[in-house]
1. For region 32-114, which fully contained helices (runs of 4 or more DSSP H) count at least 3 residues that are within 21 Å of residue 153 (Cα to Cα) and outside the structural domain of residue 168 (by TED's automatic domain parsing)?
2. Regarding region 172-185, can at least one residue be identified that is under 18 Å from residue 299 (Cα atoms), in contact (Cβ under 8 Å) with a residue 60 or more places away in the chain and in a helix (DSSP H, G or I)?
3. Looking at residue 16 and the list (1) in a helix (DSSP H, G or I); (2) touching a strand residue (DSSP E or B) at 6+ places or on another chain (Cβ under 8 Å); (3) within 27 Å of residue 4 (Cβ to Cβ), which single condition is not satisfied?
4. Being over 24 Å from residue 282 (Cα atoms) and at pLDDT below 95, is that true of even one residue in region 78-93?
5. Taking the options 185, 178, 149, name whichever one is modelled with pLDDT of 95 or more and either within 22 Å of residue 314 (Cα to Cα) or within 13 Å of the chain's Cα centre (by Cα) (or both).
6. Looking for something modelled with pLDDT of 95 or more, surrounded by 14 or more Cβ atoms within 10 Å (Cβ to Cβ) and more than 19 Å from the chain's Cα centre (by Cα) - is there at least one such residue anywhere in region 302-312?
7. Kindly evaluate residue 143 against the criterion of being in a helix (DSSP H, G or I) and surrounded by 15 or more Cβ atoms within 10 Å (Cβ to Cβ).
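The values are calculated or read from the model by the stated rules, or taken from the named source; none is laboratory data. All values reported here derive from a predicted model rather than from experimental measurement. So basically every Cβ, Gly included, is an ideal-geometry build from the backbone, and we count neighbours across all protein chains shown.
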């Protein structure tokens, strides 16, 4: 039996939203019907490129599509995703899930109450490097992350935790179901009136510790994550698309210490955004819970707020000492 065609839309067609539109336009079983954007010129250009129709307002999508990507600025995630889900539309919502924990909780509640598919756009979950890494993980005890980027105006409507650190928070939370025991963090505003540089140290109830360093005012781009576990040390360089794996091997006869074996795994480029959208479409079609569902997105926002609160407390302590 032929698969019926799903009607799709993209709300917000800036740099990332335009990429969403192109992926939908080339995905079997889906027809990109509409795009919307606050900038009519930008909406018209993307519509002309993809064969979609430009609409002036996301609320005009009600009754016209089954699913939509939302790729607007972060502060608008909540009202637009809410409107779409209440109109019966399944939503792929770019990260962060919302700008506040209260908004994220309400979106999760709406998705649950109305039976909507709400997938959060944590793209690293679909990165070929992370996909290849997962089978190698075995009870990691310490995780270290570095995510640094030169300054751009994109994403500055929120702090660096919701802008950049959130990628690593989602990856870390996806490898442990343990609760967060404590958070220590420091951060400073540099070029904006929000936190631009941050460090967080997170302890989990299963004794896992994660240390994250994030900056959006760095001189160069760097994206690395390292896992330390009883049987191995694993280092992933996202930019180089390379995994280095160091395993502890049994000591040879007569040797006092175990041996270390080294392996380098090169990662293909892949297309994480295509895979993310394809996974979303499958969830819409089958009504199965997405891999990165509302609960996963909510967990990240909860931890993000704890980090911001820890930074605020550390700043007050420093001011008091001064």
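1. It comes to 40-50.
2. Yes, region 172-185 contains at least one residue that is under 18 Å from residue 299 (Cα atoms), in contact (Cβ under 8 Å) with a residue 60 or more places away in the chain and in a helix (DSSP H, G or I).
3. All conditions are met except number (3).
4. No, region 78-93 has no match at all.
5. It is 185.
6. Yes - at least one qualifying residue is present in region 302-312.
7. Numbers: in a helix (DSSP H, G or I): no; surrounded by 15 or more Cβ atoms within 10 Å (Cβ to Cβ): yes.
Against the criterion (in a helix (DSSP H, G or I) and surrounded by 15 or more Cβ atoms within 10 Å (Cβ to Cβ)), residue 143 does not qualify.
Conditions (1) touching a residue at least 12 places away in the same chain (Cβ under 8 Å); (2) surrounded by 18 or more Cβ atoms within 10 Å (Cβ to Cβ); (3) within 23 Å of residue 164 (Cα to Cα), marked per residue:
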site: 88; (1), (2), (3): yes, no, no
site: 97; (1), (2), (3): yes, yes, yes
site: 102; (1), (2), (3): no, no, yes
site: 107; (1), (2), (3): yes, yes, yes
site: 111; (1), (2), (3): yes, yes, no
